[in-house]
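These notes are about the structure you will find just below.
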Amino acid sequence: GHVSAALSIPLGEWEDAFALLADLVESNGPMVLDCSGRDCDDAWLLALEIQKFGGTNLFLYTDGFEAWEKHGGPVER
């Protein structure tokens, strides 16, 4: 499963997927960036890249999908 309404954008492929994010960045819609857990810094690094293109409404969820699901976050299967 994955977080509901999530886009999977691996850090190494973010430039290829930027078109998917462009509307959110332009509208300054909220973006929650997550990783596999606290030992992963890809979401933080991706947030830095998105900020370079004007993204400011960014939130990091550091505990990963398992914690998201455990704490009742919406998921899709």
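If Arg38 meets every condition in (1) within 22 Å of Glu13 (Cβ to Cβ); (2) touching a helix residue (DSSP H, G or I) at 6+ places or on another chain (Cβ under 8 Å) apart from one, which number is that one?
Of the numbered conditions (1) within 22 Å of Glu13 (Cβ to Cβ); (2) touching a helix residue (DSSP H, G or I) at 6+ places or on another chain (Cβ under 8 Å), the odd one out for Arg38 is (1).
Can you find even one residue in the range 56-74 that is modelled with pLDDT under 85 and not charged (D, E, K, R)?
No, that holds for no residue.
Show the residue pairs that are 6+ apart or on different chains and have beta-carbon atoms under 9 Å apart, the first residue being within the range 38-63 and on the phi > 0 side of the Ramachandran plot, the second being in a helix (DSSP H, G or I) and among the charged types (D, E, K, R).
Cβ pairs passing all conditions: Gly54/Glu26.
The values are calculated or read from the model by the stated rules, or taken from the named source; none is laboratory data. Since this is a predicted model, take the numbers as computed values, not measurements. Note that we place each Cβ from the backbone using ideal geometry, even for glycine, and neighbour counts take in every protein chain shown.
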